[in-house]
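Before any comments, here is the structure.
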Amino acid sequence: MKQKIVIIGYSGSGKSTLAQQLGKLHGCEVLHLDCIHWMPGWKEREKSEVKQIVTDFLDSHDSWVIDGNYSYACLDRRINEATQIVSLNFPAHICLYRVLKRYFFNRGKSRKSMTDGCDEKIDWEFFWWVVHKGRNKSKKEWYKNICKENSGKTVILKNPSMVRKFLNT
């Protein structure tokens, strides 16, 4: 069966890790939006270029897993074509712990789900994004609306235990 899985969620919730696991489980190609949003040296790619890369990926794959929230990156098409949407709605303290753990594990190098040349980092701007700005009222409403409008194909996972159970079913 063809799988088309969209993974959304807060920074540090484990979107990329889950995407890798689901891609392997279902034999699907995986696209990490962070990988195409960022160029080496943490420079942002032009939105039109990101959109074209995602469009080409969607046009050339029958089964896929895409992780990331970037709304300009064909979000409507990803959502419409998805057979399943997974929303990782973890509390801030879990996400922050994971971001710190990821930083210490990958310090000085790029992780698999990131562009080469984007060495793992944490700064005050990113810290503030993880604990506040990336989960402000409008962001929470954004996630809530996606899940509500697509309730028939959405799974909301609120902690690592729920992710493990989801992967085992």
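The values are calculated or read from the model by the stated rules, or taken from the named source; none is laboratory data. Note that the coordinates shown come from a computational prediction; the quantities given were computed from them, not determined experimentally. Glycine gets a Cβ as well: all are built from the backbone with ideal geometry, and neighbour counts include every protein chain shown. Ligands, DNA and RNA are excluded from the accessible area calculation, which covers all protein heavy atoms including side chains. Shrake-Rupley method; radii C 1.70, N 1.55, O 1.52, S 1.80 Å.
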When a/c is below 1.5 the answer is rounded, else prolate if a/b is larger than b/c, else oblate, so apply that to the range 100-169 with a ≥ b ≥ c taken from the square roots of the Cα gyration tensor eigenvalues.
oblate
Mind ranking 114, 39 by accessible surface for me, highest first, 1.4 Å probe?
39, 114
Result for the chain: accessible area per residue, probe 1.4 angstrom, in square angstrom, of 57
Note on the chain, DSSP bridge orientation, antiparallel percent to nearest 5 equals 10
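Please list 119, 62 from largest to smallest accessible area, probe radius 1.4 Å, with all protein chains kept in place.
The ordering from most to least exposed comes out as 62, 119.
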Is the chain best put as rounded, prolate or oblate by its Cα gyration tensor, with a ≥ b ≥ c the root eigenvalues, rounded for a/c under 1.5, and otherwise prolate when a/b is larger than b/c, oblate when not?
rounded
Around residue 30, which amide H atoms from residues at least 5 apart in sequence, or from another chain, sit under 5 Å from its own amide H, with H modelled in the peptide plane?
65
Mind scanning 15/153; 2/148; 24/47; 112/139; 4/112; 24/112 and naming the pairs with a C-alpha gap bigger than 19 Å?
2/148; 24/47; 112/139; 4/112
If amide H atoms are built 1.01 Å from N in the plane of the peptide, which residues on other chains or at least 5 residues away come under 5 Å of the amide H of residue 3?
64
Note the full-extension length gain between residue 83 and residue 120 as 0.36 nm times their separation in residues minus their Cα-Cα distance, in nm to one decimal.
10.1 nm
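At a 1.4 Å probe, what is the % contribution of carbon and sulfur to the accessible area of the chain?
About 52 percent, which is the carbon plus sulfur part of the accessible surface.
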Per GNM of the chain with C-alpha springs under 10 angstrom, the most fluctuating residue out of 137, 15, 101 is 137
Return the distance in nm (one decimal) between the two label points of a simple spin-label model at residue 48 and residue 101, each offset 7 Å from Cα along Cα→Cβ.
4.2
Helix-only mean residue ellipticity at 222 nm, the chain, DSSP H runs n ≥ 4 weighted -39,500 (n - 2.57), per residue, nearest 500. What is it?
-14500 deg cm²/dmol
Between residue 145 and residue 62, what FRET efficiency comes out of the Förster formula 1/(1 + (r/R0)^6) with R0 = 25 Å and r the beta carbon distance, rounded to 0.05?
0.35
Taking the simple approach of a point 7 Å from Cα along Cα-to-Cβ for both residue 162 and residue 29, what is their distance in nm?
3.1
